[in-house]
Amino acid sequence: MDTFRIGIDVGGTHTDAVLLDQNNKVLSETKSATTDDVATGIYTAMKKIIDDANVPREQIKYAMLGTTHCTNAIVERKRLNKIAIIRVGAPATLAVKPLIGVPDDLREAFGKYVYLVRGGHEFDGREIVALDEDHLYSIANEIKGKVDSIAITSVFSPVTQAHEQKANDIMKEILGEDIAISLSSEVGSVGLLERENATILNASVVNVAKSAADGFINALKSEGIHARVFFGQNDGTLMSVEYAVKYPIFTVACGPTNSLRGASYLSNLSDAIVVDVGGTTSDVGVLVQSFPRESSLAVEIGGARTNFRMPDLISIGLGGGTIIRIQDNGEFTIGPDSVGYQLQEKSMIFGGEMLTATDVAVALGKVDLGDASKVAHLDKAILRKVYVNMVELVEEAIDKMKTSSAPVPVVLVGGGNVLLPEELNGVSEVLRPAHSGVANAIGSAISQVSGQIEKIFVLDEVGREKALELAKSQAMTEAINAGADPEDLVIVDVEDVPLAYMPGNATRIRVKAAGALAREKDKVIK
Amino acid sequence: MRIIGKQEVEDIAIGAALLGTGGGGDPYIGKLMALQAIEEYGEITLLDVDEIPDDALVAPSSMMGAPTVMLEKAPNGEETVAAFRQLEAHLGKKIYATFPIEAGGVNSMLPLALGARLGLPVVDADGMGRAFPELQMVTFYLDGISATPAVLADEKGNTMLLSTIDNVWTERIARAATIEMGGSTMTSMYSMTGKNLKDSGIKGILKLEEEIGKSIRLAKLNNVNSIDEVLKKVDGFELFRGKVSDINRKTETGFARGIASIEGLNEYKEQTLQLRFQNEHLLAETEQRLLCVTPDLIAVLDAETGLPITTEGIRYGARCVVIGIPCHPKWRTEKGIETVGPRYFGYDVDYTPVEELVKKGVAY
């Protein structure tokens, strides 16, 4: 029996959707406006691709959603959970309490139930002090009925989870199994404040994630589709809906990641630079072995510094709707503002008044779009200069993302990719694959499932070989738990970084495993 | 005397990162400690070194161990308080004020956090005028001031007083104890008299850091060139302007060593700058000439924002401006060059002051 899958990517401006067959052939695609409530936009796009493709609904087996629900909730500070913050680590860490360094409005939103508990571990796994369990019981009783989600962070929990687990058990014992608990060791790596911030943000969006998941599942059901639902995450792989509602923070950067993954699939390239040209900005990212290269720098979400898995991106203020202003003396500016989703009303080729980047490309004959006669009167010499400048902006961003000066292939995706020429400086080949306008939705649909771990190992004690093996098997277990097919798993990334000024060859090892989705029947048999 | 608050601390952190010349670790956590201490205990009193009585006891506060550990197991805040109490008991004298041992990284911020917490004045002077990696690399050492008695303290409440025969033993014992105490400790080494600090310290370092940070911040607001502003503040020189084209790193014996290549842009086109670092940037040269070498300061600034880039933060493609800043004259003495000059770090060149290199250039 043929099976089909749906991929949806909700962006700031557009909600894109595709329907693929089992060989990942695109049967239908659409771009519709993202709605304020998000859900309506998803439903509209989904209905359109299902109707267009006209395949038996019961054979649509998988539905993958990449969504900005959680990102928006954090940025807008809306619909956030009532949370408690528990840090296990006193007497260490008191000089930098939770929420120090995050914006005031977030401190206010989250700062009501903050607790510092004695416990935590040293870098080598020894206890700093014994865990203060009595304190945890009294906290649980105090927050009963007042919060619906708890963020727990223990010092050096990436080395040993013991105190976080114990704290988790005590909270569940008093508050019941239904209380949402986010453990920092599941969320981030070494670096207390950044990991704690990510855990706090995670705890604050579990309700948002839950309603997004429920909404999506119900929308599918109302169309008569009973598919397995997955969420796209920041690292370009999928997580099961059960995992996504526990750790929704991993969805916040899935949009750009999906377009990178989609670009990789459509171009059949595993190592390349991807330029995603949207309406307002272009994102430039890097594919390494078919996955986005991750940022090594601290990433801020909603103004809070975090340190976890995010794609390394440069965003430049050039998109299809970017406004171009030319003065009488011939000087000009490019953006940074844009007409955004109103390109169809405001740009000159569609009868509007604003000169946009798209108008410039049409006037110079680079793109056949709208009514070219409306821009025919413009001074071509100046427009040529503008166009050269636009291309240079992109070339500079590409150059910044390269790791060496050798030319690399570039894949162009996104609705505005037609703006860019067939040749770019420092680029060996410019690819513009079919369906590149909805690469993000395709990226969402074709994703694999992954698992990752990051831990400090003292190599003088365990040995490098054994430490790597241990890390790999833990990463694979994580992937299987997230829904990957055990038969198909491969290790896609291994990184080990020796720690400066540390004895015993202490090394931080990070491993990621990924594989295809485990099929339904596998689950039944096992 | 001057009172400083949160904005000044933010500015000082940027200036400290610049004078840290690529090393010294991320001042971020130190800055947060200082900000929290100001929120909880009030603002910080800064004293000019001339305001300190000659016979007063002054003691720096700094951290020892792995910065990575400190970023996970942040301090309690009371460690240095306990260390200071033990030092006072040992010396039979109250500590009058604290001060930073170096400019750059987390150690430039720790005395500010402590100053706010205890209401203890912070002296506007340090022992480097920049950042260096080793215990003896302070101007106090040049004048024969001992690092001991030194105190180590951890967050659990353990403290340890060290009396050693020389700096090598101080370093050896302190590092071993630090590992047992959990990989990161707070220390006070080089306590001294007010007279010592006046004679051997580098004056006005916090003020300079603050002015650097402020000029970068205001340049952005006023839309003026932040790098020009910084050069004016530090009497520095633009050495090069370009784009990072290669980074070659390796971690050896606890140091992040390496070479960054920067391809020239604008008037530096066709030239390549080689920047050699060991935690800090130590030597800058092109194929034709030496541009700047330790102990003079080499800072790499983001060409757009003027913000300093650390050795860990240097990435391929980054547009940057490399600037050279004359070091304090104390480092330009024979003993100074012996302690922190190019040959100590294994570079086979003689030290020549940056202002002379800029003027005539030393051809290879």
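The values are calculated or read from the model by the stated rules, or taken from the named source; none is laboratory data. As the structure is a computational prediction, the values presented were derived from the model and not from experiment. FYI the Cβ positions are ideal-geometry reconstructions off the backbone, even for glycines, and counts take in every protein chain you see.
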Q | Which listed residue, of B:343, B:289, B:319, is within 22 Å of the chain's Cα centre (by Cα) and farther than 18 Å from residue B:24 by Cα | A | B:343
Q) With respect to residue A:385, is the statement that it is in contact with a helix residue (DSSP H, G or I) (Cβ under 9 Å, 6 or more places away or on another chain) and either away from chain B (no Cβ under 14 Å) or of a type in the set (Asp, Glu) (or both) true? A) no
Q) Here are some residues: A:118, A:107. Which one is within 12 Å of chain B (Cβ to nearest Cβ) and at pLDDT 95 or above? A) A:118
Q: Assess whether residue B:115 counts as being in contact (Cβ under 8 Å) with a residue 40 or more places away in the chain and part of a helix (DSSP H, G or I).
A: yes
Q | residue A:467 being surrounded by 15 or more Cβ atoms within 10 Å (Cβ to Cβ), touching a residue at least 12 places away in the same chain (Cβ under 8 Å) and among the small types (Gly, Ala, Ser) | A | yes
Q. Scanning segment A:121-166 for residues that are facing another protein chain (nearest Cβ under 10 Å) and aliphatic (A, V, I, L, M), which turns out farthest from residue B:182 (Cα to Cα)?
A. A:159
Q. Which residues, taken from segment A:450-482, are modelled with pLDDT under 80 and at positive phi?
A. none
Q.
Residues that are within 14 Å of chain B (Cβ to nearest Cβ), in a strand (DSSP E or B) and either over 28 Å from residue A:272 (Cα atoms) or among the acidic types (Asp, Glu) (or both): does segment A:443-454 have at least one?
A. yes
(Q) Quick check on segment B:139-173: of everything there that is more than 14 Å from chain A (Cβ to nearest Cβ) and in contact (Cβ under 8 Å) with a residue 60 or more places away in the chain, which residue is surrounded by the fewest Cβ atoms within 10 Å (Cβ to Cβ)? (A) B:161
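Just to verify a result, which residue in segment A:136-189, among those that are of a type in the set (Ser, Thr, Tyr) and part of a loop (DSSP other than H, G, I, E, B), is farthest from residue A:112 (Cα to Cα)?
To start, the set of residues in segment A:136-189 that are of a type in the set (Ser, Thr, Tyr) comprises A:137-138, A:149, A:153-154, A:157, A:160, A:182, A:184-185, A:189.
If we keep only those that are part of a loop (DSSP other than H, G, I, E, B) too, we end up with A:157, A:160, A:189.
Details: A:157: 24, A:160: 28, A:189: 26 Å.
Once the filter is applied, the top-ranked residue is A:160.
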**Q.** Residue in segment B:234-256 that is modelled with the lowest pLDDT, counting only those that are within 18 Å of the chain's Cα centre (by Cα) and either closer than 15 Å to residue B:281 by Cα or facing chain A (nearest Cβ under 8 Å) (or both)
**A.** B:254
**Q.** Selection within segment A:99-116 - touching a Gly at 6+ places or on another chain (Cβ under 8 Å) and outside any helix (DSSP H, G or I)
**A.** A:99, A:102, A:103, A:116
Q. What are the pairs, 6+ residues apart or on separate chains, where a residue within segment B:285-309 that is under 30 Å from residue B:222 (Cβ atoms) and at pLDDT below 95 has its Cβ under 7 Å from a residue that is assigned to a strand (DSSP E or B) and basic (Lys, Arg)?
A. B:303/B:241; B:303/B:319; B:304/B:319
Q. Can you pull out the residues in segment B:72-121 that are surrounded by fewer than 21 Cβ atoms within 10 Å (Cβ to Cβ) and at the interface with another protein chain (Cβ under 10 Å from one of its Cβ atoms)?
A. B:78
Q.
Within segment A:45-92, take every residue that is part of a helix (DSSP H, G or I) and closer than 15 Å to residue A:212 by Cα and give me the one that is farthest from the other protein chains (Cβ to nearest Cβ).
A. A:46
Q) Can you spot a residue in segment B:282-292 that is surrounded by fewer than 19 Cβ atoms within 10 Å (Cβ to Cβ) and within 14 Å of chain A (Cβ to nearest Cβ)? A) no
Q) Within the bounds of segment B:268-282, is there any residue that is touching a residue at least 24 places away in the same chain (Cβ under 8 Å), of a type in the set (Asp, Glu) and not in a strand (DSSP E or B)? A) no
Q.
Just to verify a result, which residue in segment A:131-160, among those that are polar (S, T, N, Q) and buried (at least 18 other Cβ atoms within 10 Å of the Cβ), is modelled with the lowest pLDDT?
A. A:160
Q) Within the bounds of segment A:317-330, is there any residue that is surrounded by fewer than 22 Cβ atoms within 10 Å (Cβ to Cβ) and under 21 Å from the mean Cα position of the chain (by Cα)? A) yes
Q: With the checklist (1) buried (at least 24 other Cβ atoms within 10 Å of the Cβ); (2) out of contact with any Phe, Trp or Tyr (no Cβ under 6 Å at 6 or more places or on another chain) in hand, flag the one item residue A:251 doesn't pass.
A: (2)
Q) Across segment B:314-332, what is the number of residues that are touching a Leu at 6+ places or on another chain (Cβ under 7 Å) and either within 14 Å of another protein chain (Cβ to nearest Cβ) or not in a strand (DSSP E or B) (or both)? A) 3
**Q.** Conditions (1) polar (S, T, N, Q); (2) under 21 Å from residue A:334 (Cα atoms); (3) free of Cβ contacts under 8 Å to residues at least 60 places away in the same chain: number failed by residue A:417
**A.** (3)
Q) Counting just the residues of segment B:204-229 that are touching a Ser or Thr at 6+ places or on another chain (Cβ under 6 Å) and of a type in the set (A, V, I, L, M), which one comes out surrounded by the most Cβ atoms within 10 Å (Cβ to Cβ)? A) B:216
Q | Residue count, segment B:30-55 (criterion: of a type in the set (Ser, Thr, Tyr) and within 14 Å of chain A (Cβ to nearest Cβ)) | A | 1
Q) Across segment B:56-71, what is the total count of residues that are at the interface with chain A (Cβ under 10 Å from one of its Cβ atoms), touching a Phe, Trp or Tyr at 6+ places or on another chain (Cβ under 9 Å) and either touching a residue at least 40 places away in the same chain (Cβ under 8 Å) or not polar (S, T, N, Q) (or both)? A) 6
Q: Take the residues in segment A:331-346 that are buried (at least 21 other Cβ atoms within 10 Å of the Cβ) and under 19 Å from residue A:275 (Cβ atoms), then tell me which one is farthest from the chain's Cα centre (by Cα).
A: A:343
Q: Please work out which residue is modelled with the lowest pLDDT, limiting yourself to segment A:39-72 and to residues that are among the polar types (S, T, N, Q) and surrounded by fewer than 24 Cβ atoms within 10 Å (Cβ to Cβ).
A: A:68
Q. Do the conditions hold for residue A:120, that is, is it touching a Leu at 6+ places or on another chain (Cβ under 9 Å) and crowded, with 19+ Cβ neighbours inside 10 Å?
A. yes
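Yes/no matrix, rows are residues, columns are (1) touching a strand residue (DSSP E or B) at 6+ places or on another chain (Cβ under 9 Å); (2) within 14 Å of chain B (Cβ to nearest Cβ); (3) part of a helix (DSSP H, G or I):
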{"position": "A:361", "(1), (2), (3)": "no, no, yes"}
{"position": "A:366", "(1), (2), (3)": "no, no, no"}
{"position": "A:394", "(1), (2), (3)": "yes, yes, yes"}
{"position": "A:398", "(1), (2), (3)": "yes, yes, yes"}
